[in-house]
Protein chains: 4
Amino acid sequence: MTKSKPAAKKSRQPDVTRRNILDAALYEFAAKGLAGARVDEIAARSGSNKRMIYEYFGNKEGLWLTVLENAYARMREEEHAIDVARMKPEEGMRYLMEFNFKFCSRNPEFIALLNAENLHKASYLKDSKKIRELYTPLLVVITDLLQRGQKSGVFRKNVDPVDLYTTIAALGFFYFSNVHTLSTIFGRNLLSQKEQKARMEHSSDVILGYLRP
Amino acid sequence: MTKSKPAAKKSRQPDVTRRNILDAALYEFAAKGLAGARVDEIAARSGSNKRMIYEYFGNKEGLWLTVLENAYARMREEEHAIDVARMKPEEGMRYLMEFNFKFCSRNPEFIALLNAENLHKASYLKDSKKIRELYTPLLVVITDLLQRGQKSGVFRKNVDPVDLYTTIAALGFFYFSNVHTLSTIFGRNLLSQKEQKARMEHSSDVILGYLRP
Amino acid sequence: MTKSKPAAKKSRQPDVTRRNILDAALYEFAAKGLAGARVDEIAARSGSNKRMIYEYFGNKEGLWLTVLENAYARMREEEHAIDVARMKPEEGMRYLMEFNFKFCSRNPEFIALLNAENLHKASYLKDSKKIRELYTPLLVVITDLLQRGQKSGVFRKNVDPVDLYTTIAALGFFYFSNVHTLSTIFGRNLLSQKEQKARMEHSSDVILGYLRP
Amino acid sequence: MTKSKPAAKKSRQPDVTRRNILDAALYEFAAKGLAGARVDEIAARSGSNKRMIYEYFGNKEGLWLTVLENAYARMREEEHAIDVARMKPEEGMRYLMEFNFKFCSRNPEFIALLNAENLHKASYLKDSKKIRELYTPLLVVITDLLQRGQKSGVFRKNVDPVDLYTTIAALGFFYFSNVHTLSTIFGRNLLSQKEQKARMEHSSDVILGYLRP
DNA sequence: GATGAATGAGTGTTCATTCAT
DNA sequence: TATGAATGAACACTCATTCAT
């Protein structure tokens, strides 16, 4: 029974504590992956302590899943901020492509998180109940754009929405996902504003080129 | 009394030992990343022992870099097995796209390795001297295809070879890189033969659609 | 608008809370010992909360001591429920033996508690002021039985009351204290009704056999 | 990869290391039980380090079981050092009683260990394959003594060997098992030489008194 | 060159205890 | 009186790395 006689002090705001932990965890997980991340580091960065992490998230893996779900949810939320359903087909498609590209540019942690989760063969995500429903509305939007575009003759026929979305995601995500190895290999700083701008235009060209009838 | 032979230890074949370690390391690193991989596990799987790993590769990080370089080199080697320079422009471009796609399909460890390395912001690859020169011949080939295609009127003008290669890589790599999260989200088994075939055709369509004048 | 009643917290019955904590603690301590018991678990089981434990008992060790004293007290109380002083010597002795045996059978937590306390070399019990006086009346009763039995010729002479009580306790307590290891070693379920009955008779035989002149 | 660059030094004698750990563990477990014992403490006391404990015993519980089995085995070994089969029945029975008593006196860790294991309801011992066979020869010896004693008329009939052994064990074990609480309650130092001697004689009297025809 | 034993700094997780409300 | 959030010191267990043989 030689235990501590500690003294406490802090906030007493569960929601704030919880959010601080999630923010710190996002940073740490994105920088080092699940295995490389340190619970100690997350606790220190959050301004809270390890006990709270286990109180709120059960364990490191529970924290990982929550961070992952949050990242996905935030992306979809931002994406839906603008009402694509009212845009013209080509305009809407370009918006989706550009939003995707810019979101990846602004949120490198999102990229890192997804890659790490793919390393685990999505084993954590598979247990998530929230994820699949997040994507349903997006597919509805894409389907709608495709149909309207086909009707008005600006888009080709027989395009699968999932295929198309995957290509949109690929063109944005891959660039940022592999930006460090690509920059090294080609000896160019692909993160520069100029390169990014050119790449985004190229990507939109690719998508719209593909959709031409 | 017959003089006892000194019990022969093990192989005494440095090259074999070295190769076994690299094979085991590729497997382990691809499955768990750098931080998640275990030196003990690599030693056990290699049939050798930990001391040899440190003898040949200095430390875990040295082993990581070697594995990474090997993976890159193997890809380029396979790619050059066929002489693209003699193909017709469209045929050559389709070959590059399909090779890339199939290589990613056959070599999931390559995907995992690159993603992990990007998590580290390519910090190990940056120290590599071998990497950049691996890609020079590839860019030469692409430039040649583009020029010939433009001359004969089958390709549009003003296409940057690096941009194009990045897009080719994106279309193949991203699909396999994110196959687990995408499969989960869309509720489809994207690793099935059927899905892969469809995806490869779609990808070729995208590339060639983009290159149309 | 009816003025809202301040949401009544919980019971506000100090004695009930205290008793609930003691019950929960007895269960937990008996199952896991002092070191193995968890304050969280006791709090949860008691339906109260940790703060109350510290309010009433100071700390885990204070709670331990209180639980221990209560257990001893309850045993002596039950033992005195019947007036042994009015029984015939042999009858009284058999009653003490059987009571002891049955009490141990009914109260495995008592056994566990005492063993755990002996592991600590009785360091908590030594600080107790209540314990010694609990046993004085018992020794008076035994001394009385012995004297009457010796006078009437049914008991031998020169029997030390403490020795005798220790033997009575040993025969009952040891059986239940070691019932799990003994059952394992001898491959018999010593907790079965049949085994217990046989053992109790055997024990009485031993005591009365010893007391024969 | 901010890992240590340690320097090693020690013995390289697996058996010695193993034995040192077991000795240290016996001490620590006997003093504090399974839950109260500290792996750190065991490692420090053993002169080795924690890693070796996990190397040789898997985990804390594996170490506990090994210590427990060793303790049982040592008792049985010592007991068999003298050939009871050649003794006269009364002499042999007294020897068993006294050996048991003295062994408990000399080996308080054995007592502590068994009590702790009974707290766990013998859950570790139940998994042991070695234990039951240890006791078979002892029961053979007791059975033989009883038969010879009955034949020569010095012992009563219908005595179950397991019952008898349990009583022998009870008389010795309980005294030392509960010596601290008993000493406290009765205000006597039951560990003194004088008390022990008296108790052992009393115990032999009880056993032989019981066996009288 | 090859091996298994050894090391010490971590690493995720748990605990008794205290404070703000 | 009662409660749930917070704390820091431990705790069991693991890891990359090194040394004796």
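Here are a few things to note about the model shown:
- Looking across the range A:148-171, just one residue is surrounded by 18 or more Cβ atoms within 10 Å (Cβ to Cβ), among the small types (Gly, Ala, Ser) and touching a Lys or Arg at 6+ places or on another chain (Cβ under 9 Å), and that is A:GLY149.
- From the list C:LEU145, C:LEU125, C:LEU211, C:LEU134, the one residue that fits, being at pLDDT below 95, buried (at least 21 other Cβ atoms within 10 Å of the Cβ) and more than 7 Å from chain D (Cβ to nearest Cβ), is C:LEU211.
- Test result for C:ALA35, outside the structural domain of C:VAL141 (by TED's automatic domain parsing), touching a Gly at 6+ places or on another chain (Cβ under 6 Å) and not polar (S, T, N, Q): yes
- The set of residues in the range C:19-40 that are away from chain D (no Cβ under 13 Å) and either out of contact with any Lys or Arg (no Cβ under 6 Å at 6 or more places or on another chain) or under 22 Å from C:SER123 (Cα atoms) (or both) comprises C:ARG19, C:ASN20, C:ILE21, C:LEU22, C:ASP23, C:ALA25, C:LEU26, C:TYR27, C:VAL39, C:ASP40.
- Contacts under 7 angstrom Cβ, first residue in the range A:169-182 being more than 7 Å from chain B (Cβ to nearest Cβ), partner of a type in the set (Val, Ile, Thr) and outside any helix (DSSP H, G or I), 6 or more apart: none
- Within the range A:13-41, the set of residues being among the β-branched types (Val, Ile, Thr) and either more than 8 Å from DNA strand E (Cβ to nearest atom) or not in a helix (DSSP H, G or I) (or both) comprises A:VAL16, A:THR17, A:ILE21.
- So A:ASN49, is it within 13 Å of DNA strand E (Cβ to nearest atom) and modelled with pLDDT under 95: yes
- Total residues in the range D:184-195, condition more than 7 Å from every other protein chain (Cβ to nearest Cβ) and either in contact with a Pro (Cβ under 6 Å, 6 or more places away or on another chain) or assigned to a helix (DSSP H, G or I) (or both): 3
- Residue within the range D:80-92 that is in the same structural domain as D:VAL206 (by TED's automatic domain parsing), more than 30 Å from D:ARG212 (Cα to Cα) and away from DNA strand F (no atom under 16 Å from the Cβ) present: no
- Filter pass, C:GLU201 being in the same structural domain as C:MET93 (by TED's automatic domain parsing), in a helix (DSSP H, G or I), among the acidic types (Asp, Glu) and more than 26 Å from D:VAL159 (Cβ to Cβ): no
- Residues in the range A:91-119 that are under 9 Å from the mean Cα position of the chain (by Cα) and aromatic (Phe, Trp, Tyr) were compared, and the one that is nearest to B:THR181 (Cα to Cα) is A:PHE110.
- Residue within the range A:45-64 that is in a loop (DSSP other than H, G, I, E, B), hydroxyl-bearing (Ser, Thr, Tyr), more than 14 Å from the chain's Cα centre (by Cα) and not assigned by TED's automatic domain parsing to the domain that holds A:ALA170 present: yes
- Whichever residue in the range B:30-59 is within 7 Å of DNA strand F (Cβ to nearest atom) and of a type in the set (Lys, Arg) and, among such residues, is surrounded by the fewest Cβ atoms within 10 Å (Cβ to Cβ): B:ARG51
- Of the residues C:LEU113, C:LEU134, the single one that is touching a residue at least 40 places away in the same chain (Cβ under 8 Å) and closer than 30 Å to C:LEU211 by Cα is C:LEU134.
- Subset of the range B:60-79 [within 12 Å of DNA strand F (Cβ to nearest atom) and free of Cβ contacts under 8 Å to residues at least 24 places away in the same chain]: B:GLY62
- Count of the range B:88-135 residues, restricted to those that are out of contact with any Gly (no Cβ under 8 Å at 6 or more places or on another chain) and farther than 26 Å from B:LEU22 by Cα, is 7.
- Among the residues of the range C:157-183, those that are assigned to a loop (DSSP other than H, G, I, E, B) and at pLDDT below 95 comprise C:LYS157, C:ASN158, C:VAL159, C:ASP160.
The values are calculated or read from the model by the stated rules, or taken from the named source; none is laboratory data. Note that the coordinates shown come from a computational prediction; the quantities given were computed from them, not determined experimentally. Note that each Cβ is placed from the backbone with ideal geometry, even for glycine, and that neighbours are counted across all protein chains shown.
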